[in-house]
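First up is the structure itself, then whatever we jot down about it.
Coordinate-derived values only; no laboratory data. Keep in mind that this is a model prediction, so the values were computed, not measured. Here the Cβ positions follow ideal geometry from the backbone for every residue, glycine too, while neighbour counts run over all protein chains shown.
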C-alpha cells in the first residue's frame, strides 16, 4: 500500500471513529427509530379496550368529519372523535355489550329520507346494532339478532362487520363475522338492511359464505364498494377475498398467505387511489407493522396481490384500521389513516407518511 492510500484510509478510519464517538449516524440512512411512522394525533383514551375504527365523512363540511371507534368490554361503547382525536361526548354510545368492530355506510333509505349509518355487533347479546350519523341515535329497536339457530360454542359471538352498498341498486348489506364457526364455507353471514317507514332498520339473511381454517378467528372484514370485493383475515393463515355482491356466488377469488407476518394478520383497510387503483393495508399485529398490497392486483390479474412494502407504525398490537383518500384539512391533505393501539387509543396518520415511496400527490 502506498503512503498516499495509507493516509486516505487512515483519515477515513479516524472520521468513522469520531462520528461513532459523537453518537451521530455515519450515513444519511434513517435509524431504526426514525423508520417508525408517527401519528399526527393520538385520540383521548377509551374506558376499557379499543378495537376498531371507522371514518364518517361529513358531506356538508369535510373538516368536521368524525371517527367512530369501539371500546370492547361488557361495559362497552362506540366512541366518537373529531379529526384531532377529541372525544365528542354528546355522541358516544354507551352500555353496549362488548362491541368489537364498526363500519359505516351512506344513504340508507328510511321512509321519505336518506340516512348514514354506523353498524356494530354486540358479542354478548348476539345482536347487530345500528345507529344514524352523525347523531348516533339507535334505529335497531334495541338490537337485531344474527346467526340465529347456530348452536356451537361462540358461534354467535359477534366480532367483525363490514358494510357493502351495491352500485346497481343502492342496496346495503352487512357482512357479519363471529368468534368461531364452521369450516364448511359458511363462516360469514350476509344480511340485507332495509329502512322502514317507522324509522327502524330490519335485516334479512341473504347469504352464508367464507372459508375458515379453524385455526384462530375471523374478525377483520373490509369491503371495496367500487370494485365489489370483500376481504377478511383468517388470522394466522392469510387474507381471503370474495365477491361482496351475494348474487355473484361464493367462489374464493384470492388467498394471500401470511408468510411474511410475525403471527396474526389482522385489521384491513382499503385506500382508493382512483381509477380502480390503490392499496390494501393489513395489520401485522405482533410486529406493529402494516403490510401493503396493490388493490388492483398485478400482472393483469385483479386477484394477484403481491406484497409491496411493510410499514412500521407507532401503534401496538393493532387489531383494526381504516383509511380515506379524501383531503380533510391541512393536517390530512392527502388522506387519513386511523389505527387502533392497545393503550385504549387510536392513532391518526397522514396517508403520505404511511405510503412513503408509494405516495403520489394528487
*With everything on Cα atoms, drop me the angle between helix 3-22 and the longest principal axis of the chain, reported from 0 to 90° to the nearest 10.*
40 degrees
*In what sequence do 321, 341, 168, 269 fall when counting other Cβ within 10 Å, fewest first?*
168, 341, 269, 321
*Among rounded, prolate and oblate, which fits the range 120-229 when a ≥ b ≥ c are the square roots of the eigenvalues of its C-alpha gyration tensor, a/c under 1.5 means rounded, and a/b larger than b/c means prolate?*
oblate
*asked:* Taking the Cα centroid of the range 156-192 and of the range 84-119, what is the distance between the two, rounded to the nearest whole Å?
replied: 18 Å
*asked:* Which of rounded, prolate or oblate describes the range 46-358 when judged by the alpha-carbon gyration tensor and an a/c cut-off of 1.5?
replied: rounded
*Answer rounded, prolate or oblate for the range 56-122, using the Cα gyration tensor with square roots of eigenvalues a ≥ b ≥ c: rounded when a/c is under 1.5, else prolate when a/b is larger than b/c, else oblate.*
oblate
*Which value in deg cm²/dmol, rounded to the nearest 500, describes the helix-derived mean residue ellipticity at 222 nm for the chain, given -39,500 (n - 2.57) per DSSP H run of n ≥ 4 and division by the residue count?*
-2000 deg cm²/dmol
*By DSSP, what percent of the beta bridges with both residues in the chain are antiparallel, rounded to the nearest 5?*
100 percent
_Likely footprinting exposure, 176, 136, fewest C-beta neighbours within 10 Å first_ = 136, 176
*Separation of the range 214-238 and the range 309-359 by C-alpha centroid, Å?*
19 Å
*Where in the range 197-215 is the amide nitrogen less than 15 Å from a point lying 7 Å along the Cα-to-Cβ axis of residue 150?*
205-215
